[in-house]
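The values are calculated or read from the model by the stated rules, or taken from the named source; none is laboratory data. Predicted, not measured: the structure shown is a model, and the values here were computed from it. Here the Cβ positions follow ideal geometry from the backbone for every residue, glycine too, while neighbour counts run over all protein chains shown. In case anyone asks, the SASA skips ligands and DNA or RNA and just uses the protein heavy atoms, side chains included. Shrake-Rupley method; radii C 1.70, N 1.55, O 1.52, S 1.80 Å.
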Amino acid sequence: MGRWRAVDHTADFALHVWGDDLPDLFATAAQGMAALTVAETAGTSVMLDVTLDALDVEGLLVDWLNELLYLSERHEVCWTAFVFAELSPVALQATLTGVPIAERGSYIKAATYHNLAVHATPEGFETEIVFDT
Amino acid sequence: MAEKKDFKQVSAYVWELPQSYDKRMRAPARIYGNAEIFDLAFRDTSVQQLINVAMLPGIVGRAMAMPDMHQGYGFPIGGVAAFRSDDGIISPGGVGYDINCGVRMLASSLHHEEIAPYLETLNAALYRACPSGVGGDGAVKVSERELDTVLEQGSGWALQHGYATRDDLERTEDNGCIPGARADAVPSRARERGRPQMGSLGAGNHFLEIDVIDEIYDPDIAQAFGLVKGNIVVQIHCGSRGLGHEVCAQYLKQLQGAPARYGIEIADRELVAAPVDSPEGRDYLAAMAAAANYAFANRQVLAHFVRGAFEQVLAGQVSDWELHQVYDVTHNIAKIETHAVGGKQQRLIVHRKGATRAFAPGRPELPAVYQATGQPVLVPGSMGTASYVLVGTETAMAETFGSSCHGAGRMMSRNAALRDKRGEQVRDELRKQGITVRTGSLKGLAEEAPSAYKDVDLVIDSVTGAGIARKVARVTPLAVIKG
């Protein structure tokens, strides 16, 4: 079961994220980001499909989180559940489920590549992501 | 990890890490600040981020951090670095996501006592006229075709549509239009995000403020800038909104392969870079300039609606007033400029990430009105504290490629700020100081509490002590709108 922890950063937000496997890591990172950016949700859930590719797993993670930020801004929806039809280190296909945002939380402009590395551990995967605010 | 002892003290306000500290460094790294500011630099990873910048190819002179330096992502905030324009690099991480985030100041002929009775109403009118918040739509709708003009002409578009005066453009960095912008270099998603947001503040640390000029340090220059003690000014702090964020994100992605293609060594992936003179580098520069132009137009539209709100509230109450533009500065940008390097004029690409251009008198980029004074440098403090108007100096031209600080600089993380105070408490504290506050997000207000920032006076003492800017005037807030 994935977990995340907010890490102090002077100007921006950072999250340390652990996942049992890559889908768990990607889903947990997305949930951590949603916990920062959304205070309250209300209404009927919506679904959306996403397809992305990148040069490597770190690039894919940045693309994934920035895609969710964009889709959250565009549809005014907080994405909460994720089913991955495909998730390799360089490509993903996912179905997102989300709930309309009733109240926003903190403002995040983008997920960054700053010192980003996804590490394989005996328990699964972990990483630390810095967000520009 | 570099330590204080690795730095050599050059003067009371300048500290230098020699290039020999790390064999990957291609230039020394300098921190501007008094002893207290220098100490603060070691509280986070900003020194390492500065060293990473000093490792980039084609760097000229030194990698520098201004006294408002703090940890960023890629470049430290407060970072300044110039690269040769022939074989140097351009790095989107040296500009950041909010391309041409900047500050505009409008000065008035209104004494603060004259508008005191209308301040609450004025702040409410400004809050309605200048939309703020995450993703929120702007005050103006632009068509796809108009957006092309915004991207390529910046404030020129605003002038054509009645949102600007010629004086406004003259008193905007680069006349509100960075040359070389190409609308076709801007990704479609950036356009989609930016089109509905023209004329909006956004969220985060962006704000709109009514201040009173409470101190004049240089009467002659203050007069030239139109600043009169006791009168009010308006500050607008915002940038290129979702359009800029998307340009940065998309080009960071596109450039991920560039370091390997061009043999550029980088210490952090956020510093991905391409040669200035490469297809990738040219495209990013053209897109960045377009996003910067969008930001100039955005602040111009907001200035227009600020004037409208004043008109609406003061109609029939106060007559003979004006809100004239002092200047508009950008503090997230990379620009091609010519500077003296080793006695020779050299064309450089100067990255300023959370740093402000601070040109001395006589620079051809400055408008006629500021040829004799030098460039106004606008330095907003944290919410509730003083902001400063400075002026550029020859020392800045000689040492920092004509650059100075951009603000107070954060000291406390957003999480720590949220733990420290609730938004209601921050609002009440500001009210006790006589400052009216409006915000769409009390949580955002807590994140931006004045206690989360360095003391702006320390930062200002450091830049003036180092001689890279001089004090002209101080302003303190009366009313704040927090994005």
Check: Which of B:GLY96, B:ILE210, A:PHE131 sits farthest toward the positive end of the charge dipole of the protein assembly as shown, with +1 on the Cβ of Lys and Arg and -1 on the Cβ of Asp and Glu?
Finding: B:ILE210
Note to self: Under the rule of at least 5 residues apart or a separate chain, name every residue whose amide H is placed under 5 Å from the amide H of B:VAL140.
What the structure shows: B:MET198
Notebook entry, point to check: Roughly how crowded by other chains is peptide A:64-75, in terms of the mean Cβ count from those chains within 10 Å of each of its Cβ atoms?
Noted result: 3
Notebook entry, point to check: Do the sum for chain A: with -39,500 (n - 2.57) for every DSSP H run of n ≥ 4, divided by all residues, what is the mean residue ellipticity at 222 nm, to the nearest 500 deg cm²/dmol?
Noted result: -9000 deg cm²/dmol
Notebook entry, point to check: At a 1.4 Å probe, which residues in region A:1-27 are at least 50 Å² less accessible with all protein chains present than in their chain isolated?
Noted result: A:ASP8, A:HIS9, A:THR10, A:ALA11, A:PHE13
Checklist line | Heavy-atom accessible area per residue - chain B, 1.4 Å, Å² | finding: 33 Å²
Check: Over all residues in A:126-133, what is the mean tally of Cβ atoms on other chains that come within 10 Å of each residue's Cβ?
Finding: 4
Note to self: Please compute the per residue accessible area over chain A with all protein chains in place, 1.4 Å probe, rounded to a whole number of Å².
What the structure shows: 40 Å²
Margin query: Given 20 °C and 1.002 mPa s, compute D for region B:64-161 with the Stokes-Einstein relation, Rh being the Kirkwood radius over Cα pairs; round to the nearest whole µm²/s.
Written below: 118 µm²/s
Next item on the list: May I ask you to give the percent of accessible area on chain A that is carbon plus sulfur, with a probe radius of 1.4 Å?
Entry: 52 percent
Checklist line | Interface residues in region B:127-159 - accessible area drops by 50 Å² or more relative to the isolated chain, probe 1.4 Å | finding: B:VAL134
Notebook entry, point to check: Which residues of region B:186-205 bury at least 30 Å² of accessible area once all protein chains are present, versus their chain alone (1.4 Å probe)?
Noted result: B:ARG189, B:GLU192, B:ARG193
Checklist line | Neighbourhood net charge (13 Å Cβ-Cβ; Lys/Arg +1, Asp/Glu -1) for B:GLU209 | finding: +1
Check: Using alpha-carbon positions, what is the distance between the centroids of region B:152-221 and region B:440-478, in Å?
Finding: 22 Å
Next item on the list: Could you tally the net charge around B:CYS238, taking each other residue with its Cβ under 10 Å from the Cβ of B:CYS238, Lys/Arg +1 and Asp/Glu -1?
Entry: +2
Check: In debye, nearest 20: dipole of region B:188-314 around its Cα centre with unit charges on the Cβ of K, R (+) and D, E (-)?
Finding: 720 debye
Check: Rounded to a whole number, what % of the accessible area of region B:148-199 do carbon and sulfur atoms account for, probe 1.4 Å?
Finding: 43 percent
Check: Just how large is the dipole of chain B about the Cα centre, in debye to the nearest 20, putting +1 at every Lys and Arg Cβ and -1 at every Asp and Glu Cβ?
Finding: 1060 debye
Next item on the list: Rank B:GLY58, B:TYR127, B:LEU227 by how far each Cα sits towards the positive end of the charge dipole of chain B (+1 on Lys, Arg Cβ; -1 on Asp, Glu Cβ) and give me just the farthest.
Entry: B:GLY58
Item checked: Total charge dipole magnitude, region B:1-136, about the Cα centre, Cβ charges on Lys, Arg, Asp, Glu only, Debye to nearest 20 -> 540 debye
Next item on the list: For every helix of n ≥ 4 consecutive DSSP H residues, a contribution of -39,500 (n - 2.57) applies; sum these over chain B, divide by its total residues, and give [θ] at 222 nm rounded to the nearest 500 deg cm²/dmol.
Entry: -9500 deg cm²/dmol
Check: If you find the alpha carbon centre of region B:1-19 and of region B:301-335, how far apart are they in angstrom?
Finding: 42 Å
Notebook entry, point to check: Cα axis of helix B:279-314 to longest principal axis of chain B: angle in degrees, 0 to 90, nearest 10?
Noted result: 20 degrees
Notebook entry, point to check: Going highest first, how would you order B:2-8, B:315-321, B:132-138, B:276-282 by mean Cβ packing within 10 Å?
Noted result: B:132-138, B:276-282, B:2-8, B:315-321
Checklist line | Rounded, prolate or oblate (a/c below 1.5 giving rounded, otherwise prolate when a/b exceeds b/c) for chain A by Cα gyration tensor | finding: oblate
Check: What is the helix-to-structure angle for B:241-254, meaning the angle in degrees between its Cα long axis and the longest Cα principal axis of chain B, kept from 0 to 90 and rounded to the nearest 10?
Finding: 10 degrees
Notebook entry, point to check: If you take the accessible area of A alone, add that of B alone, and subtract the area of the pair, what total do you get in Å², probe 1.4 Å, to the nearest 100?
Noted result: 3200 Å²
Notebook entry, point to check: Mind ordering B:76-83, B:387-394 by average Cβ neighbours within 10 Å, highest first?
Noted result: B:76-83, B:387-394
Margin query: What percent of all Cα-Cα pairs in the protein assembly as shown falls into each 20 Å bin, going from 0 up to the bin containing the maximum distance?
Written below: 21, 58, 20, 1
Notebook entry, point to check: Which is farthest toward the positive dipole end of the protein assembly as shown among B:HIS245, A:TRP18, B:THR149, measuring Cα position about the Cα centre, with Cβ charges +1 (Lys, Arg) and -1 (Asp, Glu)?
Noted result: B:THR149
Item checked: Average partner coverage of A:110-119, which counts Cβ from other chains inside 10 Å -> 6
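Identify the GluC sites (Glu not before Pro) of region B:321-371 meeting these criteria: DSSP loop state and at most 15 other C-beta atoms within 10 Å of the C-beta.
B:GLU322, B:GLU365
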